[in-house]
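First the structure, in the form of C-alpha cells, and then the observations on it.
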Amino acid sequence: MERKTGDYLVLIARYSPAFVEQELVPEIEQNCERFGIYFPTAYDAFQKNQFAADSMYFHHSYAVADISIGQKYEAIAYSKGGKIQADSIQKWSSKVLCFFTNFRTQPSNQAMRGHHELSLIQFREGLPPMLNELAEVTERKPLDLSERKDVYLGSERDLRELSRRQEVAEATAELLKSIGIIHEKDYYALDEARVSEINGTIKKMAVERYGVEEEDAQEVLQDGLFALHLRDR
C-alpha cells in the first residue's frame, strides 16, 4: 500500500455564494491592498476566475503535499465519518483555479503541505450534487465539523485505493480494540513481546483478508492506530 503524496485533496466545507461576494472577496482584496500581493500569478488567476462558472470556494483539509494552482482531478468521492464511501466514487473532472493562504487570506500559488487553507475549484461537468453534503460557510464563526462529511478529489484509481486503505485501517482498529487496546497510548505501553505478538496478528489479518503486501504490514498498524486516535478525539 503505497503512501499517497499530492494526488488527492480533501474538501471539508463550502462557502455560500453570498458569503463569497459580500465577505470573502472583499477581505481578499483588502488584504492584498494592505499587506501587498504575495503571489502576482495567483492574484491574476483570482482576478480572472473569482466568479467563474461552475466553480466554488472551499475550505480544504491538511494538504499531504504541496499542490500547485492548475492541478486537475478526474474523480470525486464522498466521505462520511472519516471513510470514503466506495460506491460514491465517480468520474467528475475538476481543476484548481486558485489557492488562498489561511492567514491574511489572499491568492497563493499552491496549497502548502500540512496546512488547512482555501481553494477555488471549477468542475467541468457542473457542480457535483455531493457538494451539498459539505458544511456551508455562511457567516464568520468556527466551522462545525463534528459530523465529518468530506469530499475527496483525485484520480479514480487513487480514491479506490485510499478507500481500501481506510477499510483496512478500520479493521485493524477493530482488531486492536478486541484485544484490549482502546487508545493509541495503550499500544505503546505494552512490553516488547506483546507488541511482537500483536504485530504478527495484524500482519496475518492484513495479508490473508485484504491482500496487503507483507512489507506494508507496519503501515497497516500505523493506520489502525491513527484510526483509534481519531475515535479518541
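General observations
- Test: K83 is out of contact with any Pro (no Cβ under 9 Å at 6 or more places or on another chain), of a type outside the set (S, T, Y), under 27 Å from A171 (Cβ atoms) and touching a residue at least 24 places away in the same chain (Cβ under 8 Å): yes
- Which listed residue, of A217, A171, A206, A189, is loosely packed, with under 14 Cβ neighbours inside 10 Å and hydrophobic (A, V, I, L, M, F, W, C): A189
- Of all residues in the stretch 174-186, those satisfying the criterion of being under 24 Å from S163 (Cα atoms), surrounded by 12 or more Cβ atoms within 10 Å (Cβ to Cβ) and not hydrophobic (A, V, I, L, M, F, W, C) are E174, K177, H183, E184.
- Hits in the stretch 51-61 (condition: within 15 Å of S108 (Cβ to Cβ) and either modelled with pLDDT under 95 or not assigned by TED's automatic domain parsing to the domain that holds L97 (or both)): H59, H60
- Scan the stretch 75-102 for residues that are under 27 Å from F226 (Cβ atoms) and aromatic (F, W, Y) and the total you get is 2.
- Residues of the stretch 21-76 that are of a type in the set (F, W, Y) and exposed (fewer than 14 other Cβ atoms within 10 Å of the Cβ): F35, F51, Y62.
- One residue from V151, V168 being assigned to a strand (DSSP E or B) and within 26 Å of H229 (Cβ to Cβ): V151
- Yes/no for G224 being small (G, A, S) and either part of a loop (DSSP other than H, G, I, E, B) or on the phi > 0 side of the Ramachandran plot (or both): no
- A count restricted to the stretch 193-207 and to residues that are touching a Leu at 6+ places or on another chain (Cβ under 8 Å) and among the hydroxyl-bearing types (S, T, Y) stands at 1.
- A Cβ distance below 6 Å, combined with a sequence gap of six or more or placement on separate chains, defines the contacts here; from the stretch 126-140, residues that are crowded, with 16+ Cβ neighbours inside 10 Å reach residues that are in a helix (DSSP H, G or I) in the pairs V137/F19.
- Taking residues in the stretch 173-195 that are closer than 15 Å to V220 by Cβ and hydroxyl-bearing (S, T, Y), and partners anywhere that are at pLDDT 90 or above and in a loop (DSSP other than H, G, I, E, B), the pairs with Cβ atoms closer than 8 Å and at least 6 places apart or on different chains are Y187/I181.
- Of residues in the stretch 115-125 being of a type outside the set (D, E) and not in a strand (DSSP E or B), the one surrounded by the most Cβ atoms within 10 Å (Cβ to Cβ): H115
The values are calculated or read from the model by the stated rules, or taken from the named source; none is laboratory data. Everything quoted here is computed from the prediction, not taken from an experiment. Heads up, the Cβs are rebuilt from the backbone with ideal geometry, glycines too, and the neighbour counts pull from every protein chain shown.
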